[in-house]
Amino acid sequence: MSVPNESDPAASLRAEAIDAMVAEALAAIAAADSTSALKDARLAHAGDRSPLALANRAIGAIPPADRKQAGQLLGAARGRVQKALAARTAEVEAAELTRVLAEEAVDVTLPVELHPAGAIHPITGLIDLMSDVFVGMGWEIAEGPELESEWLNFDALNIGADHPSRGETDTLFVEPVSNHLVMRTHTSPVQIRSLLERELPVYVVCPGKVYRADEYDATHLPVFHQIEGLAVDKGISMAHLRGTLDHFAQAMFGAGIRTRMRPHYFPFTEPSAEVDLQCFVCRGESVGNPDRPCRTCKSEGWIEWGGCGVVNPRVLRACGVDPDVYSGFAFGMGIDRTLMFRNNASDLRDFVEGDIRFSRMLKGVAR
Ligand code: DAH
């Protein structure tokens, strides 16, 4: 590499010397074939310690009369080197980009490995849908344990010690029996928990699992799901219950779908009723019309949906609520049953056997 002659500063400023420096610089730049090689060439030939930079410093040591010409020569030389650097940089970068694009190219025609996506279980989807209807009205979601005290599951709900549902044929008692724990047989104990734990007024729904000593077949599961509703406030009446159930029915089954109540008996409500849903498929058109039978309601026009009533004052009292000031309504329905008639699922065993095809088939239930 040409190195300025320190004992003769004018030597490095001669035209031939400068040309030699430029020629060397251009050769190094042309030979650089990567950004890192270009960086080295830039440092060696255009950096602070490059021959051209050192020659530039030597200008101060030559007679003033020669400085202008030397300055012009050097300026032009450095300009050529800078231009060559810029041009080569652009070339190298473009070449590198082309190489990277070629190396990293993705062949979109190659077969992909498919990872099977799961699906929300239809029961979970339906629970979300039902919960949304009530949250939309300002209600809260309440929860309770599945392993429940006998007192909350039965006594506080005014279900007497000799009530048939308390027998071992219906209820799963958990050992040791002296602990008086049962797998909850309905979601109604959450009514009691809500009244004991929350400030009045209370507006809650509780969806969840319940357990009964039942057979396992197409229409029975020992573990199934219910949704419980409870509203306790001043001046609550049966009319509020009717309005709420009608709204619930319409949100779930379509505008205009009605409900009807048939007198019934539940120990925790008085008066009590069973609530039926107008058939959302035939809307009653199939009744007495053999030409248009309806599978969903078996041409009865109505589908049994759940139980309901005005909260029994004894239940309010058991929870420390004054029945002369507050009143309430409650209702409860089976979620699995609702899914069966709402989505034409005929075998309850499909709900628990974990076959992803079942979940996929009913994927759209709640979304
Ligand atoms: N707990 C009842 C059952 O499991 C359902 C029920 C009926 C719930 C009436 C209620 C109600 O809240 O008011 O069969």
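The values are calculated or read from the model by the stated rules, or taken from the named source; none is laboratory data. Predicted model, so just to flag it, every value in this text is computed and none were measured. Every residue, glycine among them, receives a Cβ derived from its backbone with ideal geometry; neighbour counts consider all protein chains shown.
Quick notes on this structure:
- Only residues that are surrounded by 21 or more Cβ atoms within 10 Å (Cβ to Cβ) and in contact (Cβ under 8 Å) with a residue 40 or more places away in the chain were counted in the stretch 78-90, giving 2.
- Residues of the stretch 22-76 satisfying the condition of being of a type in the set (S, T, Y) and either assigned to a helix (DSSP H, G or I) or touching a residue at least 60 places away in the same chain (Cβ under 8 Å) (or both): S34, T35, S36
- Residues within the stretch 169-193 that are within 16 Å of the ligand (Cβ to nearest atom) and touching a Leu at 6+ places or on another chain (Cβ under 6 Å), tallied: 5
- Of the residues making up the stretch 321-337, those that are within 13 Å of the ligand (Cβ to nearest atom) and among the charged types (D, E, K, R) are D336, R337.
- Looking across D291, D322, D336, one residue alone is on the phi < 0 side of the Ramachandran plot and in contact with a strand residue (DSSP E or B) (Cβ under 7 Å, 6 or more places away or on another chain). It is D336.
- Residues of the stretch 44-101 that are over 26 Å from S34 (Cα atoms) and in contact with a Leu (Cβ under 8 Å, 6 or more places away or on another chain): A55, N56, A58, I59, I62, D66, A70, L73, L74.
- Residue-level analysis places T98 among those that are modelled with pLDDT under 95 and in a helix (DSSP H, G or I).
- Every residue from the stretch 305-325 that is in a strand (DSSP E or B) and either at pLDDT below 95 or touching a helix residue (DSSP H, G or I) at 6+ places or on another chain (Cβ under 8 Å) (or both): W305, C308, G309, V310, V311
- Across the stretch 232-243, the qualifying residues are those that are surrounded by fewer than 22 Cβ atoms within 10 Å (Cβ to Cβ) and touching a residue at least 60 places away in the same chain (Cβ under 8 Å), and the one among them that is nearest to L129 (Cα to Cα) is H240.
- Among the residues making up the stretch 244-279, a single one is free of Cβ contacts under 8 Å to residues at least 24 places away in the same chain, under 22 Å from I159 (Cβ atoms) and either within 12 Å of the ligand (Cβ to nearest atom) or among the small types (G, A, S) (or both): Y265.
- So K298, is it more than 16 Å from the ligand (Cβ to nearest atom), exposed (fewer than 15 other Cβ atoms within 10 Å of the Cβ), in contact (Cβ under 8 Å) with a residue 24 or more places away in the chain and among the charged types (D, E, K, R): no
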